[in-house]
Amino acid sequence: MKIPLIYNIRSVRQRPVSTLTTALGMALVVLVFVAMMALSRGFRAALTGTGSTENVLVVRTGADSELVSGISRETAQILAGMPFVADGPDGRPLVSPEVYVLVSLDRPGVGEALVVARGMNPDVFQVRQNVEIVAGRMINPGTSEIIIGKSIVGRFANTQIGDVLSFGNRDWTVVGHFAAAGSAFESEIWGENEQFMPAFRGEVFQSVTFRMRDPAAFESVRQALADDPRLQVDAHREYDFYANQSYLLTQILNFAAVFIAGIMAIGAVFGAVNTMYAAVGARAPEIAVLLTLGFRPFSVLSSFLFEAVVIAFIGGILGCLFALPLNGIVTSTTNWVSMSEVAFAFRVTPDLLLRGVFFALLMGLIGGFFPARRAARQPVVQAARQV
Amino acid sequence: MALLEIRSLSKVYQRDSQAIPVFEDIDLDIDTGEFLVLMGPSGSGKTTLLNLIAGLDEPTTGTITVGGEEVTAMSRRQLAAWRSDHVGFIFQLYNLLPVLTAYQNVELPLLLTHLSKKERREHVMTALEVVGLSDRADHFPRQLSGGQEQRVAIGRAIVSDPTLILADEPTGDLDAKSADEILTLMQRLNREFSKTILLVTHDQRAAERGEAIMHLDKGVLTR
Ligand SMILES: Nc1ncnc2c1ncn2[C@@H]1O[C@H](COP(=O)(O)OP(=O)(O)OP(=O)(O)O)[C@@H](O)[C@H]1O
Ligand SMILES: [Mg+2]
């Protein structure tokens with residue numbers, strides 16, 4: 001690359017309007033790409049942040065969702081007594097037998113949506129250490145009190161502290177809001193399992209989650225539970241169980257990001273092609289001078305390719321700037337496995353921005369190639385011929 | 001031996017299966033340090049001849065040798081390198097890159113050499129001094145007059161100390177006073193710095209600055 005880069009940078013600056021229009025076309029593509037990837041990242045993060053790698057989630061054999069699972073009190077009892085279950089400071093096993101149901105709540109202006117109602121016991125806060133009360137207080141056992149995940153506070157009616165929510169033919173009083181590190185738990189309503197049982201499905205839990213004494217020993221724990229003749233259960237690492245629920249939707253979103261941005265990119269690339277052909281055409285005498293002075297056609301090609309990349313870089317940066325404000329914006333979708341509404345935030349991460357810029361640079365390289373090649377192939381004699 | 005030797009050179013352009021002969025069987029010798037002027041009516045092939053000497057175009061038949069090297073036998077790649085070493089070109093339209101300063105325009109040919117930045121700086125400043133534009137180094141072409149622009153172009157042509165300077169109507173686009181300055185400058189390059197110059201011009205007054213005048217007409221070169 002012997003032709004000074006400043007030549008291209010100044011030439012780009014020389015025609016701000018066409019540079020900016022072309023860059024904006026690319027910026028739009030980058031915006032769409034980054035936005036959709038941020039959506040997919042956010043959804044995935046919500047679900048991967050839900051489970052812990054130190055916990056085991058037990059459901060009935062073959063159940064891929066807590067919804068279709070059932071665990072008897074007896075089974076829950078046996079699980080709690082297993083030697084590989086960790087003990088809390090008070091010596092009791094860290095086990096959370098849970099009821100899991102979907103309730104239909106009113107989303108003002110949108111309609112009804114399904115929300116997870118999870119019945120637990122107060123030990124859950126020791127099993128799941130990413131959960132904490134952020135407003136109000138924890139429920140008292142033996143009462144019709146509930147706490148609400150902070151993502152759905154305000155998105156659904158009657159979710160403020162002191163409000164009364166009706167579901168399962170009973171009224172429930174909201175006494176607190178909880179956070180769970182941005183995970184899907186924040187889109188749930190939690191109450192006491194002993195209260196939820198009679199209100200919904202009767203004497204049955206949907207899952208049992210326990211803390212392992214040795215998180216590295218998951219495989220042997222799984223095997224032991226599978227081999228136990230008294231049990232018909234599947235054991236999952238809690239992290240994997242929830243993360244897998246994000247798999248399909250994440251894949252689809254990623255595919256859509258690439259597909260839609262890809263189609264838009266074709267348009268943006270044509271924009272770059274036009275701009276660069278115009279630049280090459282207008283600067284034919286300059287190109288001829290460079291060739292006459294002894295610069296090689298390859299240098300001319302690289303030079304104009306670089307110019308296209310400069311424009312693309314501007315587009316990439318603009319696109320990232322457009323996408324940045326999306327970061328943290330909360331939206332929601334239906335978790336297709338649990339069929340419930342999950343709220344999550346767009347996650348515009350640095351690596352995503354970097355990919356957006358690379359995407360733009362790629363558009364620049366592709367769009368710049370043929371014009372740059374035309375520049376390089378221009379016959380040298382035109383220099384003296386004064387086109 | 002002459003610096004430049006042209007032997008039985010012919011050029012025939014091909015345009016849509018129609019042959020356009022420009023000249024045939026031209027022979028020419030130019031010695032080191034000569035200042036030769038080439039005149040001739042429009043379309044007689046003066047520019048074509050310059051382009052052939054500079055290796056920008058290929059002859060139909062014949063050979064051109066400069067300083068013992070046969071230009072007509074070189075590949076395109078070799079030609080590019082040879083040109084940057086041996087030829088300084090001055091055009092009618094000054095052909096500076098508008099986005100580069102006078103300094104940067106003059107520096108361009110040196111970017112093809114192995115000179116360090118500091119050495120390049122020395123060469124560029126010397127060239128600008130010779131053409132009398134040291135104080136305009138940081139000006140852009142549009143901030144210069146036509147005559148000054150052409151002087152920058154001359155600076156660019158001499159900065160790499162080429163064997164041969166080829167000028168194609170360098171004063172064609174200038175007013176009389178500026179043209180005079182350019183011609184005086186070229187004369188100085190020839191006398192003071194012993195540059196070998198081939199100047200193409202239509203202007204009789206310009207032609208008188210050279211040491212000898214050649215005419216190219218109807219494909220025949222007379223000296
Ligand atoms: N690329 C080309 N293809 C076909 N014919 C060409 C080409 N270039 C030049 N010619 C023809 O060759 C002849 C010589 O052209 P050339 O430019 O060398 O003349 P010239 O003496 O420099 O003229 P002028 O004084 O007007 O600059 C002209 O008839 C021109 O039309
Ligand atoms: Mg001519």
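The values are calculated or read from the model by the stated rules, or taken from the named source; none is laboratory data. Here the structure is a predicted model, which is why all the values come from computation and not from measurement. A quick note on method: Cβ atoms are made from the backbone with ideal geometry, for glycine too, and the neighbour counts reach across all protein chains shown. Only protein heavy atoms, including side chains, enter the accessible area calculation; ligands, DNA and RNA are left aside. Shrake-Rupley method; radii C 1.70, N 1.55, O 1.52, S 1.80 Å.
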Residue hits (the range B:47-79; within 16 Å of ligand 1 (Cβ to nearest atom) and either modelled with pLDDT under 90 or within 19 Å of A:VAL289 (Cα to Cα) (or both)) are B:THR47, B:THR48, B:LEU49, B:LEU50, B:ASN51, B:LEU52, B:ILE53, B:ALA54, B:GLY55, B:LEU56, B:ASP57, B:GLU58
Out of everything in the range B:91-115 that is more than 9 Å from chain A (Cβ to nearest Cβ) and more than 18 Å from the chain's Cα centre (by Cα), what residue ends up being most open to solvent (accessible area, probe 1.4 Å)?
B:HIS114
Going through the range A:196-235 one residue at a time, which ones are assigned to a helix (DSSP H, G or I), closer than 17 Å to A:VAL99 by Cα and either open to solvent by 40 Å² or more (accessible area, probe 1.4 Å) or not aliphatic (A, V, I, L, M) (or both)?
A:PHE196, A:PRO198
Could you list, in sequence order, the residues of the range A:297-319 that are among the small types (Gly, Ala, Ser) and within 14 Å of chain B (Cβ to nearest Cβ)?
A:SER299, A:SER302, A:SER303
For the range B:139-196, which residues satisfy the criterion of being in a helix (DSSP H, G or I), over 16 Å from B:VAL106 (Cα atoms) and open to solvent by 40 Å² or more (accessible area, probe 1.4 Å)?
B:ALA176, B:LYS177, B:ASP180, B:GLU181, B:THR184, B:ARG188, B:ARG191, B:GLU192, B:PHE193
For the range B:70-84, which positions are under 18 Å from the mean Cα position of the chain (by Cα) and surrounded by fewer than 17 Cβ atoms within 10 Å (Cβ to Cβ)?
B:ALA81
In the range B:37-64, how many residues are closer than 25 Å to B:PRO170 by Cβ, more than 14 Å from chain A (Cβ to nearest Cβ) and surrounded by fewer than 18 Cβ atoms within 10 Å (Cβ to Cβ)?
1
Would you check which residues across the range A:133-174 are closer than 22 Å to A:VAL110 by Cβ, touching a residue at least 24 places away in the same chain (Cβ under 8 Å) and among the charged types (D, E, K, R) and list them?
A:LYS150, A:ARG155
When you look at B:ASN95, is it free of Cβ contacts under 8 Å to residues at least 40 places away in the same chain, out of contact with any Leu (no Cβ under 6 Å at 6 or more places or on another chain) and within 16 Å of ligand 2 (Cβ to nearest atom), yes or no?
no
Would a scan of the range A:187-195 turn up a residue that is modelled with pLDDT of 90 or more and either in a loop (DSSP other than H, G, I, E, B) or surrounded by fewer than 20 Cβ atoms within 10 Å (Cβ to Cβ) (or both)?
yes
So, restricting to strands (runs of 3 or more DSSP E) that lie completely within the range A:131-179, which ones have at least 3 residues that are over 20 Å from A:GLY49 (Cβ atoms) and open to solvent by 10 Å² or more (accessible area, probe 1.4 Å)?
A:164-167, A:170-179
Condition (residue is open to solvent by 40 Å² or more (accessible area, probe 1.4 Å), touching a residue at least 24 places away in the same chain (Cβ under 8 Å) and within 14 Å of chain B (Cβ to nearest Cβ)) applied to the range A:23-39: is it met by at least one residue?
no
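Among the residues of the range A:278-296 satisfying the criterion of being outside any helix (DSSP H, G or I) and either touching a Gly at 6+ places or on another chain (Cβ under 8 Å) or not hydrophobic (A, V, I, L, M, F, W, C) (or both), which is farthest from the other protein chains (Cβ to nearest Cβ)?
Applying the filter and picking the extreme gives A:ARG283.
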Return the residues of the range A:71-85 that are crowded, with 18+ Cβ neighbours inside 10 Å and assigned to a helix (DSSP H, G or I); say none if nothing qualifies.
A:THR75, A:ALA76, A:LEU79
